[in-house]
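**Q** Below you will find the structure I want to go over with you.
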Amino acid sequence: MTSMMMRRVRHAAGFAVATLPAMALAQAAPQQAAPESAPPKARERLGPVSKDAAGTSAASPIAESYPNAAVGDGVTAGGYNQSRWAEDWSKLRDPAKRKDIIDQLKFISIAGDGDVYLTLSGEARLRVNHTTNPNLRDSEAQRQDILRLFGGADLHVGEHLRFYGEVAHGTLEGENLGNVLPNLRNKLAVQQAFVDLTGTVADVDVGVRYGRQTFADGPNLMVVPRDNNTLYFGFNGFRAWARTAGVRADVFDFKPTAYGTQGTRDDDAESARRFSGISTGVVLPDTLFGGSKLYLDPFLWRLRNRNAVWGTDNAREVRNFYGLHFWGDAGPVNLDWTVNYQGGSYDNRSIKAWLILLAQTYKLGKGRNAPRVGFHADYASGGGAYGNGTLRTALAPFGNNIYYSYQLFATPTNLIAVAPNVSFTVLDKLRLTAEYQLSWRDSQNDAVYRANGSAFAGTQNVSGSKIADTIRFQAVYPISSRLSFTGRYEHLIAGSSLTRAGYKNSDFLAGWLSYRF
């Protein structure tokens, strides 16, 4: 993002944020956040919302617009979304629906009897991580004490214009920390700052967004804001969309955010990487499989990276992603399937790679808290990183970096993984998930890769296909609608492709409290 662009966006965000104290004192009451780490499920289904004649929220018929849950803005649960701008608090326009003082902050009428209004949001998260044998080397344990603070302001000016701004702070202390990145420790950063313009043309909902923003319009393993970080992963650029009752299309052109560490003035857009493309969606007939809510999302993306590292080389890469994402519910079965072919070139070498991601669960019962059993089976091709021929290493560009390892020790590059899992609720609210993952290399002539895309040094020189067995547990307890506790444990049993290169087993334990409003 250019300096002039950022100044304009920051001015808009600054205006919104500057109104926070005055508005919060002038009117002040809301509801509670769903825990940030709910067990995996494709996405919550929510019907679109419109205003009735009295100005209150009313559910719209499904035929009027594309389903809100499938427009590519991530998961909304309990009213809360990882991308806070994706939340709709317009129901609190009616004072009778506000339950407490925080609800007042979710709809602050400024002018025009609510036509101009402000929604405030924020999060405070206190987290502790403990990792034995960090980096899978025989060494002293690492402890990370992490604090996340951020606040956002969402200013709606009539039906067609809105400004959103979000600032964030991250603190990281502890023992044996190693190199600390600015997305973990940061005095103050502009996490998001954008302007939206929306409207309807010939019964088609259209819109354009410009500025710094999170983006989740694709499979979770390929593009997501990465909540595991202290600061979210974001982009700078534009996104535009068109949506009808059963078909949608989004186009975008982004550069990732490069955070500094000293304040808002040293955050900028990366110069080396550019991510652009189109994500589309089709609502499939609800009569399929005897009753379903299923979506088919074709996508075509391009990632350009002037400093891509494969093997011992650092060179320019242009990688194209041709994919289909099929997901949703068919009776008790929840599906999330992705097939993606990757082509392009790296240092004048052709790229030919495949990424196949298959996750499914089965609900045992009809209640909201009924147990689920399932598994995911994934294939990410590998090979060619240490050589001169075709590059066959698959890549998930900006995906969920904890999906295969809470410790960030695995990623869908040169990977075959199978993981049965179960999720159930005890004591009415405590949600437990357990998983046993087995993983192998696709190519023994290629390395084992971490979540950040870097190779475990030396693994390309040893034999053995087994990467690891990984045992994982998660517990989520919603103390209230806004306050939740999450605990995680992982035991990684290193396989031959790691142990023969000198790597060890590792344990990971984490717990945190998160308050969102």
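The values are calculated or read from the model by the stated rules, or taken from the named source; none is laboratory data. This one's a predicted model, so the numbers in the text were calculated from it and none came from an experiment. Glycine gets a Cβ as well: all are built from the backbone with ideal geometry, and neighbour counts include every protein chain shown.
**Q** Inside the stretch 375-412, can you point out the residues that are under 22 Å from ALA216 (Cβ atoms), out of contact with any Lys or Arg (no Cβ under 9 Å at 6 or more places or on another chain) and not aromatic (Phe, Trp, Tyr)? So that I can check it myself, show each step before the final result.
**A** First, pick out the residues of the stretch 375-412 that are under 22 Å from ALA216 (Cβ atoms): 376, 378, 380, 394-406, 408, 410-412.
So of that shortlist, the ones also out of contact with any Lys or Arg (no Cβ under 9 Å at 6 or more places or on another chain) come out as 376, 378, 380, 394, 396, 403-404, 412.
HIS376, ASP378, ALA380, ALA394, ALA396, PRO412, listed by residue number.
**Q** Hey, can you tell me all the residues within the stretch 158-173 that are surrounded by fewer than 16 Cβ atoms within 10 Å (Cβ to Cβ) and either within 28 Å of LEU498 (Cβ to Cβ) or of a type in the set (A, V, I, L, M) (or both)?
**A** As a first pass, look at the stretch 158-173 and keep what is surrounded by fewer than 16 Cβ atoms within 10 Å (Cβ to Cβ): 158-161, 171, 173.
Listed by number, the list holds a single entry, LEU161.
**Q** Another question, then. Quick one: count up the residues across the stretch 482-506 that are part of a strand (DSSP E or B) and either small (Gly, Ala, Ser) or within 30 Å of ARG84 (Cβ to Cβ) (or both).
**A** Going through the stretch 482-506, the residues part of a strand (DSSP E or B) turn out to be 483-494, 506.
Adding the requirement that they be either small (Gly, Ala, Ser) or within 30 Å of ARG84 (Cβ to Cβ) (or both) leaves 483-490, 494, 506.
Result for the stretch 482-506: 10.
**Q** Report, by residue number, each residue of the stretch 123-147 that is more than 23 Å from ARG500 (Cα to Cα) and either buried (at least 18 other Cβ atoms within 10 Å of the Cβ) or acidic (Asp, Glu) (or both).
**A** Here is the first cut: in the stretch 123-147, the residues more than 23 Å from ARG500 (Cα to Cα) are 123-130, 142-147.
If the condition is that a residue be more than 23 Å from ARG500 (Cα to Cα) and either buried (at least 18 other Cβ atoms within 10 Å of the Cβ) or acidic (Asp, Glu) (or both), then GLU123, ARG125, ARG127, ASN129, GLN142, GLN144, ASP145, ILE146 are the ones that fit.
Table: residues versus (1) on the phi > 0 side of the Ramachandran plot; (2) crowded, with 19+ Cβ neighbours inside 10 Å; (3) at pLDDT below 90.
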{"position": "GLY55", "(1), (2), (3)": "yes, no, yes"}
{"position": "ALA59", "(1), (2), (3)": "no, no, yes"}
{"position": "ILE62", "(1), (2), (3)": "no, no, yes"}
{"position": "PRO67", "(1), (2), (3)": "no, yes, no"}
{"position": "ASP73", "(1), (2), (3)": "no, yes, no"}
{"position": "SER83", "(1), (2), (3)": "no, yes, no"}
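**Q** Right, another one. Please verify whether the stretch 462-475 includes one or more residues that are of a type in the set (Ser, Thr, Tyr), over 18 Å from GLY384 (Cβ atoms) and surrounded by 17 or more Cβ atoms within 10 Å (Cβ to Cβ).
**A** The answer is yes; a qualifying residue exists.
**Q** Any chance the stretch 424-434 includes a residue that's under 30 Å from ASN179 (Cβ atoms) and under 23 Å from the mean Cα position of the chain (by Cα)?
**A** If we filter the stretch 424-434 for residues that are under 30 Å from ASN179 (Cβ atoms), which is where we start, we get none.
No; the residues of the stretch 424-434 include none that is under 30 Å from ASN179 (Cβ atoms) and under 23 Å from the mean Cα position of the chain (by Cα).
**Q** Next question. Restricting the stretch 404-442 to residues that are within 29 Å of ARG273 (Cβ to Cβ) and charged (D, E, K, R), which is surrounded by the most Cβ atoms within 10 Å (Cβ to Cβ)?
**A** Looking at the filtered set, the residue picked out is ARG441.
**Q** Provide a single number: the residues in the stretch 229-277 that are closer than 14 Å to GLY170 by Cβ and among the hydroxyl-bearing types (Ser, Thr, Tyr).
**A** Going through the stretch 229-277 one residue at a time, the tally reaches 6.
**Q** Specify which of the listed residues (TRP327, TRP354) is surrounded by fewer than 17 Cβ atoms within 10 Å (Cβ to Cβ) and in a strand (DSSP E or B). It would help to see each step written out before you state the result.
**A** On the way: TRP327 fails: surrounded by fewer than 17 Cβ atoms within 10 Å (Cβ to Cβ).
It is TRP354.
**Q** Which is buried (at least 17 other Cβ atoms within 10 Å of the Cβ) and not hydroxyl-bearing (Ser, Thr, Tyr), of VAL247, VAL318, VAL223? Write out each step before concluding.
**A** Values: VAL247 fails: buried (at least 17 other Cβ atoms within 10 Å of the Cβ); VAL318 fails: buried (at least 17 other Cβ atoms within 10 Å of the Cβ).
None of the others qualify; the one that does is VAL223.
**Q** If we only count strands (runs of 3 or more DSSP E) wholly inside the stretch 366-465, which ones have 2 or more residues that are at negative phi and touching a Leu at 6+ places or on another chain (Cβ under 7 Å)?
**A** Numbers: elements: 372-380, 415-426, 430-440.
Correct list: 372-380, 415-426.
**Q** Also, I was wondering about something else. Give the residue that is farthest from LYS255 (Cα to Cα), with candidates limited to residues of the stretch 202-214 that are among the aliphatic types (A, V, I, L, M) and at pLDDT 95 or above.
**A** First, pick out the residues of the stretch 202-214 that are among the aliphatic types (A, V, I, L, M): 202, 204, 206, 208.
Then keep just the ones that are at pLDDT 95 or above; that gives 204, 206, 208.
On the way: VAL204: 28, VAL206: 23, VAL208: 17 Å.
Result: VAL204.
**Q** Among residues belonging to the stretch 113-155 that are assigned to a strand (DSSP E or B) and β-branched (Val, Ile, Thr), point out the one that is nearest to ALA86 (Cα to Cα). Can you show your working first?
**A** If we filter the stretch 113-155 for residues that are assigned to a strand (DSSP E or B), which is where we start, we get 116-131, 142-155.
Add one more test, that the residue is β-branched (Val, Ile, Thr), and what stays is 116, 119, 128, 131, 146.
On the way: VAL116: 18, THR119: 12, VAL128: 28, THR131: 34, ILE146: 26 Å.
Of everything passing the filter in the stretch 113-155, THR119 is nearest to ALA86 (Cα to Cα).
**Q** Given the residues ASN401, ASN452, which is the only one that is crowded, with 17+ Cβ neighbours inside 10 Å, under 19 Å from the mean Cα position of the chain (by Cα), among the polar types (S, T, N, Q) and at pLDDT below 95?
**A** Numbers: ASN452 fails: crowded, with 17+ Cβ neighbours inside 10 Å.
Residue meeting the stated conditions: ASN401.
**Q** Among the residues of the stretch 191-200, is any aromatic (Phe, Trp, Tyr) and in contact with a Ser or Thr (Cβ under 9 Å, 6 or more places away or on another chain)?
**A** In the first step, residues of the stretch 191-200 are kept if they are aromatic (Phe, Trp, Tyr); the result is 194.
If we keep only those that are in contact with a Ser or Thr (Cβ under 9 Å, 6 or more places away or on another chain) as well, we get none.
Checked against the condition, which is being aromatic (Phe, Trp, Tyr) and in contact with a Ser or Thr (Cβ under 9 Å, 6 or more places away or on another chain), the stretch 191-200 yields no hits at all.
**Q** Output yes when any residue across the stretch 170-188 is touching a Phe, Trp or Tyr at 6+ places or on another chain (Cβ under 6 Å) and either of a type in the set (Phe, Trp, Tyr) or closer than 21 Å to ASN68 by Cβ (or both), and no when none is.
**A** no
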